[in-house]
Amino acid sequence: MSRSDLPALTIADLQSLLRRKEVSPREVLDALCARIETLEPKIDAYLSIDFQAAAKEADKVDVDLPLGGVPIAIKDIINVKGQPCTCGSKILANYRSPYDATVIQKLRAAGAVPFGKTNMDEFAMGSSTENSSVKVTRNPWDMSRVPGGSSGGSAAAVAADAAFGGLGTDTGGSIRQPASLCGVVGVKPSYGRVSRFGLVAFASSLDQVGPLTKTVRDSALIMNAMAGHDPQDSTSLNEPVPDYTKNLGRDLKGMRLGLPKEYMIEGIDPEVKSAVDVALKQLQSLGAEIVDVSLPHTDYGIAVYYFLATAEASANLARFDGVRYGYRAKDPKDLLDHYGRTREEGFGAEVKRRIILGTYVLSSGYYDAYYVRAQKVRELIRQDFVKAFEKVDAIVSPTSPVPAFKLGERTADPLAMYLADIFTNTGNLAGICGISVPCGFAKVNGNQPRNDRGSRSLSELPIGLQVLGKALDEARIFQIAHAYEQSTDWHKQRPKV
Amino acid sequence: MAKASDLDVAYVSKLARLNLTDEETQLFQKQLADVLKYAEKLREVDVSHVEATAHAIPIFNVFREDEPRDWFTAQEALSNAPHIANQLFIVTKVVE
């Protein structure tokens with residue numbers, strides 16, 4: 001195999017080569033470096049790359065470890081010692097992490113090599129990665145379109161073979177939605193399954209770290225290394241971690257999959273709907289039974305999410321005060337001026353908007369009407385899932401109601417952007433696990449005229465199927481997603497970049 | 001439930017210690033009024049018998065042994081500070 005073909009490998013295939021000593025970790029890293037240098041000017045998935053530090057690690061790594069010698073891209077909201085951690089924000093432009101997040105410690109212990117930090121919506125607030133203060137990441141399937149977000153950098157890098165796998169974070173869909181829009185696999189673990197220590201907090205009761213990869217098996221491998229209890233995160237669950245690869249390859253006979261009738265909304269793209277319909281038939285042919293279920297409070301999900309997530313964000317982002325780290329405004333005349341201008345100059349528009357909304361819903365006189373009521377409706381949403389999971393083993397739906405939208409299309413209308421998470425954010429509110437797996441393509445008019453007569457080329461945009469499972473039932477959603485994936489060849493399609 | 005029109009972005013920005021330009025204030029006033037209007041649907045829900053959920057999983061107080069362990073040196077803790085002197089964070093003057 002030519003060195004330049006290495007970046008197209010899955011993690012599982014790369015490991016076979018590494019363990020047979022057909023390539024060295026250093027050669028893998030160099031091949032990836034060359035690929036990134038070619039593609040980065042087009043896609044802009046990375047915010048920082050440190051090949052020198054990665055090469056030192058690659059030179060001494062044990063390839064027999066579970067992820068031995070596998071380079072992993074890290075969303076720039078997770079602390080990697082000695083590296084920048086900008087969160088896509090001007091306020092952290094010059095920040096360098098003094099420590100490793102627990103997930104990074106665990107990945108290193110498993111032999112993985114973090115080498116670069118990926119672009120994202122500022123503080124993970126957004127669904128298109130356009131809220132990054134640094135740069136615009138493009139969807140490798142159509143450079144005029146968004147990669148989704150907020151983990152758009154990791155999703156775009158994996159889709160373009162500019163990463164073997166990446167970490168993202170998912171607060172309302174920020175792993176699954178970009179995975180869907182970029183045609184890769186993305187997993188949001190159950191709340192508490194993966195440590196949040198060293199993850200810069202957005203909404204602490206919703207945030208989870210998870211993998212973005214080319215295949216379901218690769219995500220299971222990363223979860224094997226990353227999941228588990230962490231004494232440094234009091235919300236991490238002290239439950240045993242199963243081997244997430246153990247159910248891969250098992251069939252779906254007797255598996256009951258719920259189809260929520262509330263998800264068949266207006267505004268769902270017809271090609272997304274038909275791709276998911278075909279995927280459901282495929283799941284049936286694999287032995288699964290499709291069962292109608294009801295999640296009656298689904299329609300309230302976005303409203304609940306935006307009150308709770310912004311409330312928690314307004315408190316979490318109070319730490320950015322220009323005292324201990326981060327940007328500080330020049331020559332403040334007093335302390336209020338120091339705080340007010342530091343935050344004005346350091347934060348971008350969407351972060352400001354959410355701090356204002358979150359502060360408002362927590363403020364005296366509105367706390368009960370907005371915040372407490374939203375918490376109560378959250379409980380009803382959680383109970384919807386508990387009741388549904390009494391009847392079914394997992395729930396299936398589209399991941400996103402639409403394929404990748406155009407850059408700039410939704411930036412002027414925050415509410416339209418918020419609705420991008422309509423099928424994903426109830427999973428965060430309920431604390432359950434979810435995965436997005438490629439399930440087809442939508443054909444849309446491309447950006448470039450195809451020929452001299454001016455007729456337009458067709459772009460193919462990936463569509464994602466979401467599988468939601470009970471809390472801590474990751475092994476089952478991996479089994480379902482893997483069985484589906486292996487019976488199709490969607491995951492083998494790669495964008496022509 | 002409060003009305004969307006109650007939101008006063010200029011006042012809330014003071015609570016949040018976040019200065020906004022006049023343009024931002026006006027823009028957010030309109031955009032967040034739209035969001036609040038959308039969220040009025042929460043009023044329809046009967047929540048009279050529901051306990052508020054702060055977390056999706058039941059979390060109780062979590063304790064650990066109070067033991068010394070290695071952590072940042074003073075230098076590491078100060079490594080990202082915008083202004084330091086004599087191993088201290090220098091802050092904007094608080095009292096006259």
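For region A:37-63, the set of residues classified as in a helix (DSSP H, G or I) and closer than 15 Å to A:Gly116 by Cα consists of A:Glu37, A:Leu39, A:Glu40, A:Ile43, A:Phe51, A:Gln52, A:Ala53, A:Ala54, A:Ala55, A:Lys56, A:Glu57, A:Ala58, listed by residue number.
Out of A:Gly267, A:Gly258, A:Gly249, I need the residue that is surrounded by fewer than 18 Cβ atoms within 10 Å (Cβ to Cβ) and either of a type outside the set (Gly, Ala, Ser) or over 21 Å from A:Ala12 (Cβ atoms) (or both). Which one? Sole residue among the options that is surrounded by fewer than 18 Cβ atoms within 10 Å (Cβ to Cβ) and either of a type outside the set (Gly, Ala, Ser) or over 21 Å from A:Ala12 (Cβ atoms) (or both): A:Gly267.
Restricting attention to region A:359-411, the residues that are facing chain B (nearest Cβ under 9 Å), surrounded by fewer than 22 Cβ atoms within 10 Å (Cβ to Cβ) and among the small types (Gly, Ala, Ser) add up to 3. Here A:Ser154 meets the list (1) over 23 Å from A:Glu409 (Cα atoms); (2) outside any loop (DSSP other than H, G, I, E, B); (3) touching a strand residue (DSSP E or B) at 6+ places or on another chain (Cβ under 7 Å); (4) among the polar types (S, T, N, Q) almost entirely, failing just condition (1). Take the conditions (1) touching a strand residue (DSSP E or B) at 6+ places or on another chain (Cβ under 9 Å); (2) among the hydrophobic types (A, V, I, L, M, F, W, C); (3) closer than 22 Å to B:Leu36 by Cβ; A:Ala315 misses just one of them, which is (1).
Yes or no: region B:33-49 includes at least one residue that is under 19 Å from A:Leu317 (Cβ atoms) and not in a loop (DSSP other than H, G, I, E, B). Yes: region B:33-49 contains one or more residues that are under 19 Å from A:Leu317 (Cβ atoms) and not in a loop (DSSP other than H, G, I, E, B). Scanning region A:325-339 for residues that are closer than 14 Å to B:Ile90 by Cβ and in contact (Cβ under 8 Å) with a residue 40 or more places away in the chain yields a single hit, A:Tyr325. Note on region A:471-497: residues that are outside any helix (DSSP H, G or I) and surrounded by fewer than 22 Cβ atoms within 10 Å (Cβ to Cβ) amount to 9. The number of residues in region A:419-476 that are of a type in the set (Gly, Ala, Ser), at pLDDT 95 or above and farther than 22 Å from A:Arg494 by Cβ comes to 7.
Remark: pairs (first residue in region B:43-71, closer than 25 Å to A:Ser190 by Cβ; second residue among the aromatic types (Phe, Trp, Tyr) and part of a loop (DSSP other than H, G, I, E, B); Cβ separation under 9 Å; 6+ apart in sequence or on different chains) = B:His55/A:Tyr191; B:Ala56/A:Tyr191; B:Ile57/A:Tyr191. Of all residues in region A:313-335, those satisfying the criterion of being more than 9 Å from every other protein chain (Cβ to nearest Cβ), charged (D, E, K, R) and part of a loop (DSSP other than H, G, I, E, B) are A:Lys330, A:Asp331. Being crowded, with 16+ Cβ neighbours inside 10 Å, assigned to a loop (DSSP other than H, G, I, E, B) and of a type in the set (Gly, Ala, Ser) is not true of B:Ala54. Against the condition surrounded by fewer than 16 Cβ atoms within 10 Å (Cβ to Cβ), over 28 Å from A:Asn428 (Cα atoms), hydrophobic (A, V, I, L, M, F, W, C) and at pLDDT 95 or above, how does B:Phe72 come out, does it pass? Spelling it out, it is not the case that B:Phe72 is surrounded by fewer than 16 Cβ atoms within 10 Å (Cβ to Cβ), over 28 Å from A:Asn428 (Cα atoms), hydrophobic (A, V, I, L, M, F, W, C) and at pLDDT 95 or above.
For A:Ala369, the test of being small (Gly, Ala, Ser) and either outside any helix (DSSP H, G or I) or in contact (Cβ under 8 Å) with a residue 12 or more places away in the chain (or both) is failed. Just so you know, in region B:65-96 the residues that are more than 7 Å from every other protein chain (Cβ to nearest Cβ) and polar (S, T, N, Q) include one that is farthest from A:Tyr370 (Cα to Cα), and it is B:Asn86. Scanning region A:78-96 for residues that are surrounded by 22 or more Cβ atoms within 10 Å (Cβ to Cβ) and either of a type outside the set (Ser, Thr, Tyr) or more than 20 Å from A:Ser150 (Cα to Cα) (or both) gives A:Ile78, A:Asn79, A:Val80, A:Gln83, A:Cys85, A:Cys87, A:Gly88, A:Ile91, A:Leu92. Step by step: first the residues of region A:292-312, then only those that are more than 8 Å from every other protein chain (Cβ to nearest Cβ) and in a loop (DSSP other than H, G, I, E, B), then the one that is surrounded by the most Cβ atoms within 10 Å (Cβ to Cβ). Which residue is that? Top of the filtered list is A:Leu295. In region A:336-349, the condition of being surrounded by 19 or more Cβ atoms within 10 Å (Cβ to Cβ), in a loop (DSSP other than H, G, I, E, B) and either at pLDDT below 95 or facing chain B (nearest Cβ under 9 Å) (or both) is met by at least one residue. For the residues A:Met125, A:Met120, the requirement of being over 24 Å from A:Ala54 (Cα atoms) and buried (at least 23 other Cβ atoms within 10 Å of the Cβ) singles out A:Met125.
Only one entry in A:Pro7, A:Pro41 is in contact with a Phe, Trp or Tyr (Cβ under 9 Å, 6 or more places away or on another chain) and either of a type in the set (A, V, I, L, M) or surrounded by fewer than 24 Cβ atoms within 10 Å (Cβ to Cβ) (or both), namely A:Pro7.
Within the option set B:Val62, B:Val47, being at pLDDT below 90 and either facing chain A (nearest Cβ under 9 Å) or surrounded by 10 or more Cβ atoms within 10 Å (Cβ to Cβ) (or both) holds for one residue only, B:Val62. Determine which member of the set A:Gly148, A:Gly186, A:Gly126 is out of contact with any Pro (no Cβ under 6 Å at 6 or more places or on another chain), outside any strand (DSSP E or B) and closer than 27 Å to A:Ala311 by Cβ. Going through A:Gly148, A:Gly186, A:Gly126 in turn, just one is out of contact with any Pro (no Cβ under 6 Å at 6 or more places or on another chain), outside any strand (DSSP E or B) and closer than 27 Å to A:Ala311 by Cβ: A:Gly126.
The values are calculated or read from the model by the stated rules, or taken from the named source; none is laboratory data. What you are looking at is a predicted structure, and each value in this text was computed from that prediction instead of being measured. Methodologically, a virtual Cβ is constructed for each residue, glycine included, from the backbone with ideal geometry; neighbour enumeration extends over all protein chains shown.
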